[in-house]
Ligand code: GTR
């Protein structure tokens, strides 16, 4: 039933990962900024006995050379003290805080994970300002145009620099890296995981339009809403061609999910978050699933119907849940995400 819905909406067939990533970057997010020429960091201990002494919290400044300029941004690194190799989250945060309402740090540490996090606006501000931070460096070189990176691509690039730093830490299990974020930062997390094969899992929480949610036939936010009225600077200018013209998109958002394959991806929806359109987020998973067949893996193992509150689908390479409540990255989401990871590592 759901596959037929996708077909009847004219959702484009999957292509190779390379082709999908090229089209998504060219027509939606802009091409990802280049990898840095050199990469250094400085760190200091912020809280020695963080979370009742279970972890150390460091404040780290990452510095990358890009287009001949130097770009730095701060991150937090919360690493459990007990010797071990920890699976970890790279959490793209709305706020420059080591714990916040979307990130229950102690609970995450107690579940056996480390967390590296940064505030997206320390990379470039969330407004139509292409002079601030990383945006300034990029725009001085490539300008602002049809295929140049929008802010989502810049924030995703920054999460990849956090991954560069993660590779230098002995106590992290580099085969179990998850990038995660909520809403606009859920879109960012998917783009980050899609364009960097070092991630084991990309997790998007309530990412909606231009994230996990199929654009064609949405009952929530449209390309016009997101580009015209609200956040044009998140994208490259080519995306504006599809305002009121979703049927002309040469892709749909299931390509973003499928570009993470054969690695894992997780989409979390909330019932009352109709702006993100949970049904279309679910369709994104359905549409991406067949890519895993080529790898002999089970993609989305779920029922062939729209989701209901309480559904948790954790068996396939694509994880999913739909919870009650509104647009929020809550403890229930974290618990389900951590359960999925523990099941598969
Ligand atoms: C909304 C936007 C969504 C989503 C959300 C958020 O206003 O329309 O696409 O990204 O913001 O990031 O909280």
message: Considering only region 193-208, I want to know if a residue exists there that is within 12 Å of the ligand (Cβ to nearest atom), touching a residue at least 60 places away in the same chain (Cβ under 8 Å) and not in a loop (DSSP other than H, G, I, E, B).
response: yes
task: For residues that are touching a residue at least 12 places away in the same chain (Cβ under 8 Å), within 22 Å of the chain's Cα centre (by Cα) and either assigned to a helix (DSSP H, G or I) or farther than 21 Å from residue 104 by Cβ (or both), tally how many sit in region 303-319.
output: 6
Lone unmet requirement of (1) within 16 Å of the ligand (Cβ to nearest atom); (2) surrounded by 21 or more Cβ atoms within 10 Å (Cβ to Cβ); (3) more than 17 Å from residue 22 (Cβ to Cβ) for residue 266: (1)
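Would you call residue 246 within 16 Å of the ligand (Cβ to nearest atom), closer than 20 Å to residue 191 by Cβ and without any contact (Cβ under 8 Å) to a residue 40 or more places away in the chain? Don't jump to the end; show me each part of the working.
Values: within 16 Å of the ligand (Cβ to nearest atom): yes; closer than 20 Å to residue 191 by Cβ: yes; without any contact (Cβ under 8 Å) to a residue 40 or more places away in the chain: yes.
Criteria met by residue 246.
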task: Quickly run through region 324-333 and pick out the residues that are surrounded by fewer than 23 Cβ atoms within 10 Å (Cβ to Cβ) and either within 16 Å of the chain's Cα centre (by Cα) or within 22 Å of residue 94 (Cα to Cα) (or both).
output: 325, 326, 327, 328, 330, 331, 332
task: Starting from residues that are touching a residue at least 24 places away in the same chain (Cβ under 8 Å) and surrounded by fewer than 17 Cβ atoms within 10 Å (Cβ to Cβ), keep the ones in region 6-22 and report whichever is farthest from residue 257 (Cα to Cα).
output: 10
- request: Return only the number of the condition from (1) assigned to a loop (DSSP other than H, G, I, E, B); (2) free of Cβ contacts under 8 Å to residues at least 40 places away in the same chain that residue 272 does not satisfy.
  value: (2)
statement: If we ask which residues in region 182-217 are within 15 Å of residue 284 (Cα to Cα) and surrounded by fewer than 24 Cβ atoms within 10 Å (Cβ to Cβ), their number turns out to be 2
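Which residues, counting only those in region 168-192, are over 16 Å from residue 268 (Cα atoms) and within 16 Å of the ligand (Cβ to nearest atom)?
Taking region 168-192 first, the residues over 16 Å from residue 268 (Cα atoms) are 168-177, 192.
192, the sole residue that qualifies.
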message: Just to be sure I understand, how many residues within region 214-239 are closer than 19 Å to residue 11 by Cα and within 16 Å of the ligand (Cβ to nearest atom)?
response: 10
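Any read-out appearing in this document is the output of simple, stated calculations on the displayed coordinates, not a laboratory observation. The shown structure was predicted, so the numbers you read here are calculated from the model rather than taken from an experiment. For neighbour counting, all protein chains shown are included, and Cβ atoms are generated from backbone atoms with ideal geometry for every residue, glycine included.
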